[in-house]
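Here is the structure we will look at, set down as structure tokens.
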Amino acid sequence: MDKFDAAGFLRLSSHVTVKQILERDDFQKRLAEERPLALHEVMYPLVMAYDSVALKADVELGGTDQKFNLLMGRNLQREYSQEPQVAVVMPLLEGTDGVQKMSKSTGNYIGINEAPQEMFGKVMSISDELMWRYYELLTDLRVEEIAALRGAAERGEKNPRDIKADLAKRIVADFHSTADANHAGEEFDRVFKQKQAPDEIEERTVKGGTWELKHLLVELGLASSKAHAKELIKGGGVYLDGERCDPKINKFLILQPDKPGFDMKTIQVGPRRFVRVRGQ
């Protein structure tokens, strides 16, 4: 679009009617509710649709929330004497919260380049009900196979937790390897079933001396602020060397390697975040 001048953009807009633009469901809803609808929002579908013209697209893939824009691309291609693209519309995947679509901006996502252990843990955090949606959209199992698994879970023949662990292994294996998936499963069991620390833990150094726990959590990136750290401690979600931190005990000593009694301390926040820390 940076090649368009004002006149070119006006010529482009002549290929679509206001009625076509306002057919979009959310636009109709906002007008009915007498909520503002900015002009740039109205122009956005047209700008999106021109991509299909510029690319002479044969096929465009998008989520259900993009259906209107995909169809607008087909309409605009006809105006430019092109064969209309095939629109392949896919269902949206809910994020780990089970409510909003998966999105990095909302923090409810599973990143495809995340470590196997992190990916496995996030899959295990979803609800049992959402698990079936993930099976349907993220695995190669046939619909009847998924239905059989669900039936077995509902009849009590299979533990939903085990079915979810198998889902997590399938997803990790797709983006990493089967060996990584198996190791991530073993690590998850060790941390959550056996209450042990994972094999690989990030090691960090801080200034030796006495630290307030809330300051240390912020320093290590385990809390976003001192207020957040206080909430974590008060909620019982912070552990020091495997023991839950008492909210009443707010200070402890971080020794340097050359001091007697030196020992790295393992700090855990929540179920999956571990850091080993020492003084320097």
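The values are calculated or read from the model by the stated rules, or taken from the named source; none is laboratory data. Quick caveat, the model's predicted, so the values are computed rather than measured. Cβ: placed from backbone, ideal geometry, glycine included. Neighbour counts: every protein chain shown. These area figures cover heavy atoms from the full protein model, side chains too; ligands, DNA and RNA do not enter into them. Shrake-Rupley method; radii C 1.70, N 1.55, O 1.52, S 1.80 Å.
Note on exposure: Tyr239, Tyr80, Tyr134 ranked by accessible area (1.4 Å probe, complete protein assembly) read Tyr80, Tyr239, Tyr134, with the most exposed listed first.
Estimated purely from DSSP H runs of n ≥ 4, each contributing -39500 (n - 2.57), the mean residue ellipticity at 222 nm for the chain is -14000 deg cm²/dmol once divided by its residues. Look at the dipole of the chain built from charges on Cβ: of Phe120, Met72, Ala153, the Cα furthest out on the positive end belongs to Phe120.
Over the chain, what percent of the accessible surface lies on carbon and sulfur atoms, probe 1.4 Å? Please report the intermediate quantities before stating the final value.
Values: 8690 of 17170 Å².
Solvent-exposed carbon and sulfur of the chain make up 51 percent of the total.
For the pair Asp26 and Glu79, what calculated FRET efficiency results from E = 1/(1 + (r/R0)^6), where r is the Cβ-Cβ distance and R0 = 25 Å, to the nearest 0.05? Step by step, r from the Cβ atoms, then E = 0.55. Using 0.36 nm per residue and subtracting the Cα-Cα separation, the extra length available between Arg276 and Lys3 on full extension is 92.9 nm. The phi-based Karplus calculation (6.51 cos²θ - 1.76 cosθ + 1.60; θ = phi - 60°) puts the 3J(HN,Hα) values of the stretch 226-239 at 5, 5, 5, 4, 4, 5, 5, 5, 4, x, x, x, 10, 10 Hz, whole numbers, x for Gly and Pro.
At R0 = 30 Å, how high is the FRET efficiency between Lys226 and Ser105 if r is their beta carbon distance? Nearest 0.05 is fine. Intermediate values should be presented prior to the final figure.
Values: r = 25 Å, r/R0 = 0.83.
That pair, Lys226 with Ser105, gives E of 0.75.
Heavy-atom accessible surface of Glu186, to the nearest 10 Å², is about 110 Å², with a 1.4 Å probe and all protein chains retained. For the stretch 101-155, the spherically averaged projection of the C-alpha convex hull amounts to 4.4 nm².
At the listed q of 0.12, 0.19, 0.20, 0.22 Å⁻¹, the Debye profile of the stretch 7-137, built from one uniform point per Cα, gives log10 I(q)/I(0) equal to -0.64, -1.05, -1.10, -1.20.
Compare Val143, Val42, Val238, Val86 by solvent-accessible area with a 1.4 Å probe and give them largest first, with all protein chains kept in place. Write out the running numbers ahead of the final one.
Working: Val143 115, Val42 30, Val238 0, Val86 80 Å².
Largest to smallest exposure gives the sequence Val143, Val86, Val42, Val238.
Anything over 22 Å Cα to Cα? Flag those among Lys67/Lys169; Lys122/Lys214; Lys226/Lys248, in the order listed. Mind dumping the intermediate values first?
Values: Lys67/Lys169 32 Å; Lys122/Lys214 25 Å; Lys226/Lys248 16 Å.
Result: Lys67/Lys169; Lys122/Lys214 exceed 22 Å.
Taken per residue, the accessible surface of the chain reaches 61 Å², heavy atoms only and a 1.4 Å probe. Using equal-weight Cα scatterers in the Debye expression, the normalised intensity of the stretch 148-189 in log10 at q = 0.19, 0.31 Å⁻¹ is -0.57, -0.94.
Calculated translational diffusion coefficient of the stretch 47-118 (20 °C, 1.002 mPa s; Stokes-Einstein with Kirkwood radius over alpha-carbon pairs) equals 154 µm²/s.
In whole Å, how far is the Cα centre of the stretch 142-172 from that of the stretch 207-245? Cα centroid of the stretch 142-172 versus Cα centroid of the stretch 207-245: 37 Å apart.
Rg and Dmax of the chain, both derived from C-alpha coordinates alone, stand at 26.2, 81 Å. Rounded to the nearest 10 square angstrom, Trp132 shows an accessible area of 20 square angstrom against a 1.4 Å probe.
Compute the distance in nm between two label points, each set 7 Å from the Cα along the Cα-to-Cβ direction, one at Ser125 and one at Asp65. Label-label distance for Ser125 and Asp65, simple model: 2.0 nm.
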